[in-house]
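Here the structure is laid out as structure tokens; the discussion comes afterwards.
Since every read-out is calculated from the coordinates, none of them should be taken as a lab result. Bear in mind the structure is a predicted one, so any value in this text is a computation, not a measurement. In this analysis, Cβ positions are derived from the backbone assuming ideal geometry, glycine residues included, and neighbour counts consider all displayed protein chains.
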Ligand SMILES: NC(=O)c1ccc[n+]([C@@H]2O[C@H](COP(=O)([O-])OP(=O)(O)OC[C@H]3O[C@@H](n4cnc5c(N)ncnc54)[C@H](O)[C@@H]3O)[C@@H](O)[C@H]2O)c1
């Protein structure tokens, strides 16, 4: 398939681009190269004959029309988004423009292209979203997000993603656009931008800085290795049923405090300090406003209908991730100079 992948210079998008090429697909990577992007994430495929990069902003409808016409994709995987909850608290405007208006532009450009092409049967628009649209779960481990959980977003980020999900479903119902949707839990792994929790903890630990834990660290997230998410997304684009949505998760619930302690234990083993443990650097800081208590995904549908399963345990994935950051300082060091990285954001509520 020729895949038009938006956000392919970001964390998850780049994993999808690399795996898509490895699976024999052609890729058009459309990315505006915002602060969160890094073309080195796709350097391993940049010279592949099946790969093309298009620098464009999904807020620019004319650019999208040109790219659809020039490349005539078989399918779209739409990942481009503003993705950092803390930034959405301080500056929600970019989230509204990119995540909602940008998705509207993508849908209209896709619909125009698909209509002009005679509505080819195989065409599909895959919208990549988050479990955060479902809101916050109680502690009961039996209660998880399913595909029918009502939407209840609580941050500007999750509200903007929820709005984009609604637009995608509306374009399917109203215009017949062939769509599939996925909602995934928290990802981690190589090339994770150094403003997100796991890279912040690894890099602060190595720098001898405090390891910030929001509130009391009891907030629970369900962690999935990014390469397993990319595999799930390609499985859905290849085999998913049109009009259906799939929840993707690794069934690896950890409180933030447990997660940080695990990362410290891995670092203690791989790069021991002269004395003491990295866990000694843990510092509790003021909580994020509206911090959701718990997310947990029930991935039964994608497992039973499409046969997808994660390939690594969270212990293995975290160990690989720590090792990757230890081996790739040349990647993360320059990114720490980008605006806002290394600062406490999301306090302006
Ligand atoms: N990170 C997670 O844990 C997670 C979990 C579930 C779903 N998601 C979703 O997956 C997608 C990718 O997330 P990520 O963590 O890789 O994000 P990211 O912030 O690492 O990457 C986003 C990419 O989109 C690009 N982009 C941003 N605004 C753009 C615009 N206006 N036009 C074109 N490109 C633009 C950026 O340049 C960047 O390369 C998002 O839609 C996000 O909501 C993320």
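Gain on full extension, evaluated as 0.36 nm per residue between residue 244 and residue 304 minus their Cα-Cα distance, stands at 20.2 nm. Here the range 1-52 was treated as a single set of alpha-carbon atoms; its pair distances binned every 5 Å from 0 give 5, 25, 38, 22, 8, 2 percent. Averaging the sequence gap over all C-alpha pairs within less than 8 Å and six or more residues apart, then dividing by the number of residues, gives the range 128-243 a relative contact order of 28 percent.
For the range 43-108, the relative contact order is 39 percent, taking Cα pairs closer than 8 Å that sit 6 or more residues apart in sequence and dividing their mean separation by the residue count. Extension gain for residue 121-residue 283 works out to 52.9 nm (0.36 nm per residue, less the C-alpha to C-alpha distance).
On the principal axes of its alpha-carbon atoms, the range 109-185 has extents of 50, 25, 19 Å, going from largest to smallest.
Semi-axis lengths, largest first, of the ellipsoid equivalent to the range 62-115 are 26, 10, 8 Å, with √(5λ) applied to each eigenvalue of the Cα gyration tensor. Taken along its principal axes, the alpha carbon cloud of the range 142-284 reaches lengths of 63, 30, 29 Å, longest axis first. For the chain, the calculated P(r), taken from all Cα-Cα distances in 20 Å bins from zero up to the bin holding the longest distance, is 31, 60, 9, 0 percent.
So if R0 is 45 Å, what FRET efficiency would residue 44 and residue 142 give, r being the distance between their Cβ atoms, rounded to the nearest 0.05? The value I calculate is 0.60. The alpha carbons of the range 57-206 give a radius of gyration and a Dmax of 17.1, 56 Å, in that order.
By the gyration tensor of its Cα atoms, with a ≥ b ≥ c the square roots of the eigenvalues, what is the shape of the range 1-131: rounded for a/c under 1.5, prolate for a/b over b/c, or oblate? Taking the square roots of the gyration eigenvalues as a ≥ b ≥ c, the range 1-131 is oblate. Taking the 0 to 90 degree range and rounding to the nearest ten, how far is the long axis of helix 102-116 tilted relative to the main principal axis of the chain, both from C-alpha atoms? Once rounded, the angle reads 30 degrees. Peptides 35-43, 169-177, 263-271, ordered by how many other C-beta atoms sit within 10 Å of their residues on average, highest first, read 35-43, 263-271, 169-177. Taking every C-alpha pair closer than 8 Å and separated by at least 6 residues, the mean separation divided by the residue count of the chain gives a relative contact order of 19 percent.
Size of the range 171-240 from its Cα atoms: along the principal axes, largest to smallest, the extents are 54, 24, 17 Å. The distance separating the Cα centre of the range 293-349 from that of the range 125-192 comes to 18 Å.
Each 5 Å bin from zero up to the one holding the largest Cα-Cα distance in the range 240-349 carries the following percent of pairs: 2, 8, 12, 14, 17, 18, 13, 9, 4, 1, 0, 0.
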